Structure formats: C-alpha cells, structure tokens
1. From (1) closer than 29 Å to Ala358 by Cα; (2) away from the ligand (no atom under 13 Å from the Cβ); (3) not basic (Lys, Arg), pick out the condition that doesn't hold for Glu280.
2. What's the total number of residues in segment 53-109 that are within 16 Å of the ligand (Cβ to nearest atom) and surrounded by fewer than 17 Cβ atoms within 10 Å (Cβ to Cβ)?
3. Whether any residue in segment 328-349 is part of a helix (DSSP H, G or I), more than 24 Å from Leu158 (Cα to Cα), in contact with a strand residue (DSSP E or B) (Cβ under 9 Å, 6 or more places away or on another chain) and without any contact (Cβ under 8 Å) to a residue 12 or more places away in the chain is what I want to check.
4. With respect to Arg242, determine if the residue is free of Cβ contacts under 8 Å to residues at least 24 places away in the same chain and among the charged types (D, E, K, R).
5. Which ones in segment 110-134 are more than 17 Å from Leu3 (Cβ to Cβ), among the aliphatic types (A, V, I, L, M) and either within 16 Å of the ligand (Cβ to nearest atom) or assigned to a loop (DSSP other than H, G, I, E, B) (or both)?
6. Is it the case that Ala299 is of a type in the set (Gly, Ala, Ser) and either surrounded by 23 or more Cβ atoms within 10 Å (Cβ to Cβ) or part of a loop (DSSP other than H, G, I, E, B) (or both)?
7. Among all residue pairs at least 6 apart or on different chains, which show Cβ distances below 8 Å where the first residue, located in segment 93-112, is under 18 Å from Tyr67 (Cα atoms) and acidic (Asp, Glu) and the second is surrounded by 14 or more Cβ atoms within 10 Å (Cβ to Cβ) and at pLDDT 90 or above?
Amino acid sequence: MALIDLHAHFPMHTRFPPRVGSGGVAEGKKLEFWAANLLLNSAAGRPRVSLTEFEVGSPGGAGSVLYDPDDEFFRDATPRPEAFQNLLAQIDNVESEIAASHGAVQVAKNPAELSRLLGAEQRFLFHCMEGAFAFGGDPANVAVAAARGVAYVIVAHLFFRGVATCANAFPFLPDELFAALNPDQNDQTGLTPMGEEIVSEIFRNRMVVDVTHCTDRARGEIFRIARNFPGSPVISSHNGVRHESNYPLNLSDDAIRQIAGTGGVIGVILYPHWLRHPDEQIFGADGFPIVFKTIQHIADVAGFDHIAIGSDLDGFITPVKGCETYAQTPALVAAIQARFPKNADQILFGNALRVLNAGWKGV
Ligand SMILES: [Zn+2]
C-alpha cells in the first residue's frame, strides 16, 4: 500500500552542511549543525530518511524539504540574496544524489508524473521549501523555484526573517524566551508587504501555499490572500492540533476549518511533542494511538477529506515509536489501515494527491 508523506527532510544528509553556495560556513556552525543532526536526526548513527531507508519503506513518495539552517539561524530580519542561491544549490544536490540511485528513487516534478509513479508503486520525492526567507527577499525568485518543480512553500519557519511572523516551534522553550530569541518579530505584523507579495506570487505560479509555522495573524493574512485565488488549496504539511496538544504552533479548530474550506489538507506530524498536551510531555503517551487521536479530531471538525501524513522525519524531531525511520513506514501504513479501514486510502495518499493536482502546476 502506497504512502504520500507531505514532509520529510531527505536533503539534511545530501551533503554536510546542506549547501554548496559560495562563502562557506563558519566551523562553529558546522559543528553545531553536525551535533544537532547526529543527536536528533539519526537512529543508531544512520539518517532516518535516506535512499536506503526509502527503498525498504512503503512505495510512494515524500515532499523533500529544501531547507538550509545556515540561512535562518544567527541571521536577522534582512533578507539575504545568497539564501536563494543556496536553495538552488540544494536542489542540484538532491537531484544528483537521486540520479545516483539509478532509478530506485525518482524526482516527480509535476502532478501527472507523481500520479504515474504512485500508480506504478515506485519510490519518489518532490521538492518543497520550508521558509520563504529562502527566496532571498526577491518575489521574482518565486517563479524560478516553480520552474525547478517545487510543489509547495511553507511561508514562515522558526524565526522572523522579513516575510512572516512565526509561532514558537521549539519544544519546551517558554514563549517569553522564544520572543527573546526572535527579537525582530513584532506579533502585530503577520505578513510583511514583501511577505504578501511572495504569497501572491506562490499562488500565481501555481505552487501550494503552506501555513505551518505561521502565527495566527500571519495565517489569517494568507487566507485573506487565498480568496483572490479560488480553487487553490492551502495546506499545513506537518502539524498537530491544539485540541490534542495546546501550543501556538498547532492548528486551532478555526484554522482546520479554513484549510478545509480551501479544499486543502493537514499532514499529521509524527512527533509526539505536538500530538499531546503540555502537561503530558513527561511519561506521556507515544506511538500510533496519539497519531490516531489527531487524525480523529481533524475528521470530527472537517471530515476525512482533509487529512494526510506529514512525518517531519529528520526535521530535528524524535519520531513517534513505531515509525522512527523511513524503513518503518509500512508499519504506519498497516496501523492506519487497521484503525481507519474506510478512510485509509484518503489519509495515506488520496487527499495529498488531490491537493497536489489542484494546486501545483509543476514542470
Ligand atoms: Zn517544520
């Protein structure tokens, strides 16, 4: 049985650190990134998302997240043009690694190709971006990314970088401390004028807009812009819900309804921290049952048409027990089939496929 995972960080391991742009990276940052990657993004010393794991895992594909931490950490709110060059270099990196798999894994660059690979039970990736700061402050770069086959763009991310205000996405970090770490953010902002322009360009170039990581205000402004682009679904590719895990990062019932209202989809994250309440974090429940609770809540609010999986594996998370590397995705698939027999196809790939067909033009 096939799976479309909307969000997995394959490029984290394509080259270290994940960039080949000009200028180089300070040794201290390399060390920090190496330590974080090793501690959080590996199981028994190996990446959780790699070509080897893909080949063992469920047939199907994953949104392969283009993200270079060096373009976001230790920066300020002024957009950096180099960030876009780094993004293009990362696309090159991923594609050359995939080419070296000799067809075992492929890159889907449009929805028709993706459908064909899914139907043939092949393994594939499709590009997506996490953080619109990677456009380097130039809305004209949106069309360039679209022409490289990027399927969706997460507008906000961890820190305010001149585009959109971000919800605290650091586990156990008090909101006051997050504010101190994110001094350029004014919570009254939402989207900046440049952010508004970028979001409109994403819609115009027929990539899908993703509201994960936005503050409520930034998310509300994206939905306002979405009204100018009827028929374009808005998604949250990897997230939890406040009803089960009450954090600002997670989706309110209102946000769930707004996403559903555009025909969009919510990819349920496979990270326990965003699937259980703050007072349940120590010795709390783990494993597939907490994934099911979030799925059930979205179904109760908006129906089964708006649920998918967005694992976030290797996105600096500790995954739920039972699906800790990509090789274990068959266990996740079997568990969802057993728990939601009538809706498993929709959750595992059908809804994601519908949304990508509706909102992504591709090349
Ligand atoms: Zn994320």
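1. (1)
2. Residues in segment 53-109 being within 16 Å of the ligand (Cβ to nearest atom) and surrounded by fewer than 17 Cβ atoms within 10 Å (Cβ to Cβ): 1 in total.
3. Within segment 328-349, not a single residue is part of a helix (DSSP H, G or I), more than 24 Å from Leu158 (Cα to Cα), in contact with a strand residue (DSSP E or B) (Cβ under 9 Å, 6 or more places away or on another chain) and without any contact (Cβ under 8 Å) to a residue 12 or more places away in the chain.
4. Taking the combined requirement at face value, the residue satisfies it.
5. Residues satisfying the conditions are Met129, Ala132, Ala134.
6. No: the conditions fail for Ala299.
7. The qualifying pairs are Glu95/Val107.
One line per residue, one yes/no per condition, for (1) in contact with a strand residue (DSSP E or B) (Cβ under 7 Å, 6 or more places away or on another chain); (2) modelled with pLDDT under 95; (3) within 16 Å of the ligand (Cβ to nearest atom); (4) on the phi > 0 side of the Ramachandran plot:
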site	(1), (2), (3), (4)
Gly137	no, no, no, yes
Ala140	no, no, no, no
Val153	yes, no, yes, no
Ala156	yes, no, yes, no
Ala167	yes, no, yes, no
Phe172	no, yes, no, yes
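The values are calculated or read from the model by the stated rules, or taken from the named source; none is laboratory data. These numbers were taken from a predicted model, which means no experiment stands behind them. As a convention, Cβ positions derive from the backbone with ideal geometry for all residues, glycine included, and neighbour counts pool all protein chains shown.
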